Amino acid sequence: MVSPEFSLSQFYPMAKPRNRSFWCLSDSFLYCGGVFLAILLVCSFWSFFTPTLNFNSAITDPSSAVSCKESGFGVNLKSDPKDLTFYDDPELSYSIEKPVKNWDEKRKQWLNHHPSFAAGASERIVVVTGSQPKPCKNPIGDHLLLRSFKNKVDYCRIHGYDIFYNNLLLHPKMGSYWAKLPVVKAAMLTHPEAEWIWWVDSDALFTDMEFKLPLQRYKNHNLVVHGWPELIYDKKSWTSLNAGVFLIRNCQWSMDLIETWSNMGPISKDYKKWGEIQRSTFKDKLFPESDDQTALVYLLYKHKEKYYDHIYLEGEFYFEGYWVEIFGRYENTTEMYLEIERGAAELRRRHAEKVSEQYGAFREEYLKSAGNGKGSWRRPLITHFTGCQPCNGDHNRMYDGESCWNGMVKALNFADNQVLRKYGFIHPDLLDSSIVSEVPFDYPADEGPW
């Protein structure tokens, strides 16, 4: 852009007065020539500082597309080449009842046609969550679900993940806990750019906003769930894993698993029979219907040779943690983290939210003694309010509703404080969401990096 102070008069000073009858024509030529020169200079500066407009940018020729590395702007969201992909196949169906074949080849072809997405695809995650289609019966249910969604949006924004929230049944028979499988399959087809789909139940809350999944640990596996092998094969318990939170690779193996898994649910003509088989196999299962969690345990138990090597049973940290053993420790955990920061100036430094992952990496050095899982003072990655059912209010009778709702509020504010601090505020009371306090500046100049 040309500066407002940039004046054309700089380029053509006026000539001294002469005899007008003799110099009239000459002065006119000089005047016009000066104006023409000035216009040329302005146009030159304009073209230098202003990029050329491309009116054909809606569809980009892949042969002329600038790579992600060259452009510096990441993925190209405005390019969808005309090359045919699986999306152009009239036989493609997102339905849970229609299998997808050759998915690895189809996804690879799509990435080849969209090279800017290929870079970094192996670590790209889409978080998927959702709730019921109708308003909640519990008076505070919709509010809790809204805050639960905000919690997931916060986590995804910090780590650069996409998120999809679904509140519809994508198959009329696949309700309740089975509703997740049609959504996950549809998300896999809709996001070929993502290597992983991360399902998180609506009653599961992120409570360590800095922690990132150790994806390198799962490089030889296609499904990650929180679970314990000894409870599957020795105790034969239906609670030997939790299917409310799982990470699944976007590949053909997963498509096949979802097909087999779903066919133990309500879309199967043998649905009632599967419930009987599950109860006879796992004696601690109390209800008669086939459910998604017991179905997955059954596949691992009965077909270990087929599934075990591909499923990572994560038990080294709270991939998801039972809320009853967690929510009473939030205040102590907060104090332990503050104690670390009192001795580590780099952790107290105020910073932009976009670089939060760097501070999470800094903090790991100070958490080696914290341990993991039950009894640890490390923040749990996810606190799972299993049995609370915040929307319909029909919580497990092992505990009263107030402990569920108060527990969720504490977890939400505990997580929210980790986000709000970047914005200069915190909730001083984890049970009172309405009050915030400004965070004082606590970074002495003599400890700074300058």
- Query: Looking at region 68-220, what % of the alpha carbon pairs are farther apart than 28 Å?
  - Reply: 30
- Item | Contour excess over end-to-end distance, with Cα ends at HIS143 and ASP80 and 0.36 nm allotted per residue | 18.8 nm
- Query: What length, rounded to one decimal in nm, is gained on full extension from TRP377 through to ASP394, with 0.36 nm per residue of separation minus their alpha-carbon distance?
  - Reply: 3.0 nm
- Item | Å³ per residue enclosed by the Cα convex hull of region 150-255 | 136
- Task: Would you mind putting 425-431, 196-202, 355-361 in packing order, based on average other-beta-carbon counts within 10 Å, highest first?
- Result: 196-202, 425-431, 355-361
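Leaving out ligands and nucleic acids, and using a 1.4 Å probe, what accessible area per residue does region 240-350 come to in Å²? Could you put the intermediate results ahead of the total?
On the way: 4830 Å² over 111 residues.
I get 43 Å² per residue for region 240-350.
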- Using alpha carbon centroids, what distance separates region 107-121 and region 347-385, in Å? 32
- Here the gain from full extension of THR260 to GLU123, 0.36 nm per residue of separation minus their alpha-carbon distance, amounts to 46.7 nm
- What number comes out for the charge environment of ASN220, summing +1 per Lys or Arg and -1 per Asp or Glu over other residues with Cβ under 11 Å away? +2
- Task: Order these peptides, 371-381, 257-267, by their mean beta-carbon neighbour count within 10 angstrom, highest first.
- Result: 257-267, 371-381
- Message: Viscosity 1.002 mPa s, temperature 20 °C: what is the translational diffusion coefficient of region 340-450 from Stokes-Einstein with a Kirkwood Rh over Cα pairs, rounded to a whole number of µm²/s?
- Response: 130
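The values are calculated or read from the model by the stated rules, or taken from the named source; none is laboratory data. Values in this document were obtained by computation on a predicted structure and should not be read as measured data. Every residue, glycine among them, receives a Cβ derived from its backbone with ideal geometry; neighbour counts consider all protein chains shown. In case anyone asks, the SASA skips ligands and DNA or RNA and just uses the protein heavy atoms, side chains included. Shrake-Rupley method; radii C 1.70, N 1.55, O 1.52, S 1.80 Å.
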